[in-house]
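One structure below.
The values are calculated or read from the model by the stated rules, or taken from the named source; none is laboratory data. What you see is a predicted model, and the numbers here were worked out from it, not measured in a lab. When we count neighbours, we look across all protein chains shown, and the Cβ atoms used for this are built from the backbone with ideal geometry, even at glycine.
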Amino acid sequence: MAATMKETVGVEDVNVTFEDQQKINKFARNTNRMTELKDEIEAKKKSLQNLQDASDDIMMFDDDTLLVSYQIGDVFISHTQEETQEMLEAAKEGLEQEVKDLDGRVSAIQQVLADLKVQLYAKFGNNINLEADES
């Protein structure tokens, strides 16, 4: 059940065991998951910036009696300026916590990837490329 990888430049043969293939597959899955998490973090940071912009805009209002519409799902609810600010702050705190949690998951995946790289490069050397394409 062992496959053979051949180096394109040299004549070196390296046996790929089932366990090696499992490690390579695990590396690929974790790399894809990390990319998805990073995309999710960027989306949440954009939402966080939008909330901050909305909060800044509301602070510029001079009229304290003005009702501000706040969207919850598909419904807009009118609140006072102060209540809307509080809701925006709560939403920002929630998003900040989600980003922090996602960053922790990315760090854990990066550690797993680093361990797998060490193991795979130790066995396959230059016969395997585990670096991400930055294109």
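A few points about this structure:
- Considering the conditions (1) more than 18 Å from Leu113 (Cβ to Cβ); (2) surrounded by 13 or more Cβ atoms within 10 Å (Cβ to Cβ); (3) in contact with a helix residue (DSSP H, G or I) (Cβ under 7 Å, 6 or more places away or on another chain); (4) not acidic (Asp, Glu), Leu66 is excluded by exactly one of them, (2).
- Exclusive hit being within 30 Å of Ser55 (Cα to Cα) and surrounded by fewer than 17 Cβ atoms within 10 Å (Cβ to Cβ), set Glu89, Glu131: Glu89
- Close contacts from segment 73-99, counting a first residue that is under 13 Å from Met59 (Cα atoms) and of a type in the set (A, V, I, L, M, F, W, C) and a second that is at pLDDT below 95 and surrounded by 13 or more Cβ atoms within 10 Å (Cβ to Cβ), with Cβ to Cβ under 7 Å and a gap of 6+ residues or different chains, come to Leu88/Leu51; Leu88/Ala54; Leu88/Ser55.
- Yes/no for Thr17 being closer than 29 Å to Asn127 by Cα and either in contact (Cβ under 8 Å) with a residue 12 or more places away in the chain or not aliphatic (A, V, I, L, M) (or both): yes
- Only one entry of Leu51, Leu113 meets the criterion of being farther than 30 Å from Asn30 by Cα and assigned to a helix (DSSP H, G or I), and that entry is Leu51.
- Gln71 being surrounded by 11 or more Cβ atoms within 10 Å (Cβ to Cβ) and modelled with pLDDT under 95: no
- Being acidic (Asp, Glu) and closer than 26 Å to Glu36 by Cβ is a condition met by no residue of segment 73-86.
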